[in-house]
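Novice: What follows is a single structure, and I will ask about it in a moment.
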Amino acid sequence: MSTNDGMTDRPLDGPLTDGLIAPAPGPRPDGPRANAPIVPRNSIAGRALIAVVAIMTFLASLTTGAVMLVLASAAEWQSDVAREMTIQIRPTAGRDLEAEVRQAVEIARTAPGIAEVRPYTAEESARLLEPWLGTGLALDALPVPRIIVLRVAADRRPDLAALRAALAAKIAGVTVDDHRGWIDRMRAMASTAIAGGVGILALVLVATVLSVTFATRGAMATNRPIVEVLHFIGARDGFIASEFQRHFLRLGLIGGALGGIAAMVVLAGAGVSRDVFFGTAAETQASALFSTLSIGIAGYAAVLGQVILVAAVTALTSRQIVSQTLAAIE
């Protein structure tokens, strides 16, 4: 059918509508867009927080490793010192020092609880003074005492009072030292190391909490319009807080992992350095101070635990700050 202007009528259900081609049925090619996170993942503040958390975790892990090295060395020192006692015989005018040494050795060997007796010679006793007096000195004219080292049996503790009484009855000027004073000092040193490590770890956690607090408040201020819109349209506070918590948990895990890995590398390098400097003065000094420079499996597990702790503190702190801010909006 034709109209007066010569145009052909189009059916109402045809593919053309007002001269335009209708879109083909079916889903849109682009598909639905993914929901964007409330807090941007890659921001300057986020990268700065990762750096702060990494530094704090690195310092805390190094402190923990150092404390574990000191505790291991102190425990070995205490074990070695506790297994030994020392008999000291001072030279007395008119008495045979060598005979008194032999007599003290016989008394000590018959005492219960003594596994080994080793008398030091006059040269060995004089050599003990070299760190203070130097070498090449004639010590014959000095009243250098003679030393007898006793090794305590592992299954039985000797009667120290009876041993002292037996020696004093036969030898004048004899003393018995069980090194109790040294053991007490080592225990005090170990306790001080533990207290210092706990204090540093507490400071690191406080610094981490403060850093996360400022970062969370900054993120809330930057995204406050979005948070307020979500809050007023009915989004639950728990949902908004969980978004921030997941974001800062991710930052805490990344920063903690970076700091923990760096600390593990440094601690592992300290153990390798002992082999590199083997036989040198540095190796001797390190062996004298630390029996071992390896923190072992327990040390690396402690570092991993600190990474998880720092990440958890970061996430929980952010959630607490967000919850307080949302409560203030109401």
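Novice: On a C-alpha basis, how far is the centre of segment 195-271 from the centre of segment 58-100 in Å? Whole number, if you could?
Specialist: Computed from Cα coordinates, the inter-centre distance equals 45 Å.
Novice: Rounded, prolate or oblate: which fits segment 159-207 when a ≥ b ≥ c are the square roots of the eigenvalues of the alpha-carbon gyration tensor, with rounded for a/c under 1.5 and prolate only if a/b beats b/c?
Specialist: Working: a/c = 12.43, a/b = 5.77, b/c = 2.15.
Note, shape of segment 159-207 comes out prolate.
Novice: In addition: Pop out the carbon and sulfur fraction of the accessible area of segment 114-268 as a percent, whole number, probe 1.4 Å.
Specialist: Heavy-atom surface of segment 114-268 belonging to carbon and sulfur, 1.4 Å probe: 64 percent.
Novice: Then there's this: Which value, in debye to the nearest 20, describes the size of the charge dipole of segment 97-239 about its Cα centre when Lys and Arg Cβ atoms bear +1, Asp and Glu Cβ atoms bear -1, and nothing else is charged?
Specialist: On the way: 16 positive and 15 negative charges, 100 e Å.
The calculated dipole for segment 97-239 is roughly 480 debye.
Novice: So, one more: Taking only protein heavy atoms into account and a 1.4 Å probe, give the accessible area per residue of segment 56-182 in Å².
Specialist: Numbers: 7260 Å² over 127 residues.
Ligands and nucleic acids excluded, the result is 57 Å² per residue.
Novice: Rounded, prolate or oblate: which fits segment 145-185 when a ≥ b ≥ c are the square roots of the eigenvalues of the alpha-carbon gyration tensor, with rounded for a/c under 1.5 and prolate only if a/b beats b/c? Spell out each step's value before the answer.
Specialist: Values: a/c = 1.88, a/b = 1.33, b/c = 1.42.
Judged from the Cα gyration tensor, segment 145-185 comes out oblate (a/c at least 1.5, b/c at or above a/b).
The values are calculated or read from the model by the stated rules, or taken from the named source; none is laboratory data. Just so it is clear, the model here is predicted, and its values are computed rather than measured. All Cβ positions, even for glycine, are placed from backbone atoms using ideal geometry, and neighbour counts span all protein chains on display. Note: accessible area is taken over every heavy atom of the protein model, side chains too, but ligands, DNA and RNA are not part of it. Shrake-Rupley method; radii C 1.70, N 1.55, O 1.52, S 1.80 Å.
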